[in-house]
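Just below is one structure, and these are the notes that go with it.
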Amino acid sequence: MSTKEKVFQSQFKEGAYPFYEELRQDNPIFKMSEVHNQTTWMVTRYSDVKELLKTPSFLKDFSKLYPNEDEENVEQTIFSNMMLDLDPPDHTRLRKLVTPYFNPKTISRLSPRIDEIAKELIENMKNKQGPVDLIDEFAFPLPIIVISELLGVPPEDRNSFRKWSNTIVSASEGEHPQFSQDVKDFVAYLDDLFERRRTDPKDDLISNLIQAEEEGEQLSRNELYSMVVLLIIAGHETTVNLIANTIYALLQHPDQFNRLKEDHSLIESAIEEGLRYYSPVDFSTARWVEDDREFHGTTLKQGDVIFASLSSANRDEQKFENACSFDITRPNNQHVAFGFGIHFCLGAPLARLEGKIAIQHLLTACPNLKLAPYTTPTWRKMFLLRGLEQLNVTL
Ligand code: HEM
């Protein structure tokens with residue numbers, strides 16, 4: 001089995017950190033697989049990861065190397081125009097359009113509503129008997145409600161939305177039988193929603209983006225689909241993992257957990273440490289080598305694929321003292337959990353705010369939170385993301 005296949009297995013996630021450590025020492029630009037003369041690489045050192053993510057000749061837009069001559073189908077419509085998969089100038093234009101909605105000041109206005117959502121979910125959990133799955137009951141619904149409200153998806157459509165976004169996320173991680181049908185349904189739904197917002201605009205992101213589409217050449221219809229889909233995918237599973245992984249790390253380290261319970265002012269640095277220690281996004285998305293080149297002693301060929309291991313970079317001893325310790329007071333925590341360079345996570349202020357509010361409320365409402373007896377959480381079988389299957393706890 002090639003390493004690329006192995007990284008899809010949950011056992012790989014369990015043993016990934018010692019493996020990354022070996023790679024950082026002996027084989028920092030690691031060949032994951034070679035298929036039809038195209039090599040896939042994994043970069044593991046902190047400094048190399050940053051260099052990779054800021055170098056323009058590691059392309060995001062692979063159609064520059066492999067132009068697609070097929071007629072565009074509905075799946076390409078929503079995926080091929082995502083700014084995460086584009087380079088400047090298109091990336092710059094699209095990012096500029098949405099940046100104002102995600103800056104820390106704008107995002108901070110959502111605090112009262114996130115408070116309410118967190119409190120309500122915790123109340124529902126507390127009404128249940130016995131252990132609860134913190135992911136199903138809390139970490140999962142919270143970000144999907146927040147992103148749906150931010151975009152302007154009506155509450156009654158949230159369940160279908162969740163189903164489609166699940167299909168799309170899992171499809172990007174391997175095959176999914178329902179994929180084509182779900183994508184068609186999703187696009188039909190978006191068409192209808194866009195139409196409703198066009199005729200009756202509300203104070204939400206979709207209405208604002210539709211206006212940008214109407215007001216000129218700023219955003220095409222396909223870019224609008226892609227932007228909405230990107231925001232759902234990027235803003236959803238990742239934040240679930242931030243909340244659940246950080247709680248898991250706290251439960252595994254009772255000294256740190258107690259410290260945080262005693263001093264809530266450590267919440268922000270605890271979130272940063274959660275992001276570093278169990279990074280919700282294990283790998284960056286792919287970069288493509290524009291021309292044959294050397295990269296720290298390794299020869300890369302045009303068209304090769306490279307992934308940055310953010311998790312590995314975040315445990316690099318050359319950058320972080322006691323990198324494998326979980327320390328919620330860690331100073332100067334310059335992790336790369338949100339990436340680096342021009343594609344640095346747009347939603348970082350929102351993710352941080354959601355994580356902070358979620359965990360703070362949980363600590364206050366459930367100070368005796370513990371892992372449920374006889375359960376060992378396991379990591380989901382996913383490549384790009386690091387998230388738990390379940391997190392069964394007693395409150
Ligand atoms: C803890 C939660 C999150 C983590 C760890 C995370 C991580 C990341 C990372 C690593 C990237 C860069 C990927 C690459 O360069 O290949 C990224 C990009 C992005 N993220 Fe996040 N993200 C989170 C939450 C969010 C949220 C809540 C949103 C929005 C609602 C969001 C929207 C985006 C967007 C739009 C991009 C693409 C930016 C661009 O191409 O310029 N993310 N994120």
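What to note about this one:
- Kirkwood-based shape ratio for the chain, expressed as Rg/Rh from alpha carbons: 0.95
- Bridge type composition, the chain - antiparallel percent by DSSP, nearest 5: 85
- For the range 136-287: span of alpha carbons on each principal axis (Å, largest first): 54, 36, 35
- Built amide H within the under 5 Å cut-off of W41, gap 5+: M32, V305, I306, F307
- By a 1.4 Å probe calculation restricted to protein chains, D192 has an accessible surface near 80 Å², given to the nearest 10.
- Area of K370 that stays accessible when all protein chains are in place (1.4 Å probe, Å², to 10): 120
- Using every pair of distinct Cα positions in the range 21-66, the Kirkwood expression returns a hydrodynamic radius of 12.0 angstrom.
- Highest mean packing comes first when the peptides 17-24, 140-147 are listed by Cβ atoms within 10 Å, giving 140-147, 17-24.
- Here the Karplus curve 6.51 cos²θ - 1.76 cosθ + 1.60, taken at θ = phi - 60°, turns the phi angles of the range 302-316 into couplings of 3, x, 5, 10, 10, 10, 8, 7, 5, 4, 5, 4, 6, 10, 6 Hz, with x standing for Gly and Pro.
- M125 contributes about 0 Å² of solvent-accessible surface, heavy atoms of the protein only, 1.4 Å probe.
- Ratio of the Cα radius of gyration of the range 308-365 to 2.2 N^0.38 Å, where N counts its residues: 1.31
- With θ taken as phi - 60° and the Karplus curve 6.51 cos²θ - 1.76 cosθ + 1.60 applied, the whole-hertz 3J(HN,Hα) list for the range 98-109 is 9, 3, x, 7, 10, 6, x, 5, 4, 5, 4, 5 Hz, x standing for glycine and proline.
- Taking every C-alpha pair closer than 8 Å and separated by at least 6 residues, the mean separation divided by the residue count of the chain gives a relative contact order of 27 percent.
- Ordering 127-138, 154-165 by mean Cβ neighbour count within 10 Å, with the highest value first, yields 127-138, 154-165.
- Interchain or long-range residues, amide H under 5 Å from V281's placed H: R386
- Solvent exposure ordering (accessible area, 1.4 Å, most first) of R95, R196: R196, R95
- Average accessible surface for the range 3-394: 45 Å² per residue, computed with a 1.4 Å probe over protein heavy atoms with every protein chain in place.
The values are calculated or read from the model by the stated rules, or taken from the named source; none is laboratory data. As the structure is a prediction and not an experimental result, all values here were calculated from the model. All Cβ positions, even for glycine, are placed from backbone atoms using ideal geometry, and neighbour counts span all protein chains on display. Calculation scope for accessible area: heavy atoms of the full protein, side chains included, ligands and nucleic acids excluded. Shrake-Rupley method; radii C 1.70, N 1.55, O 1.52, S 1.80 Å.
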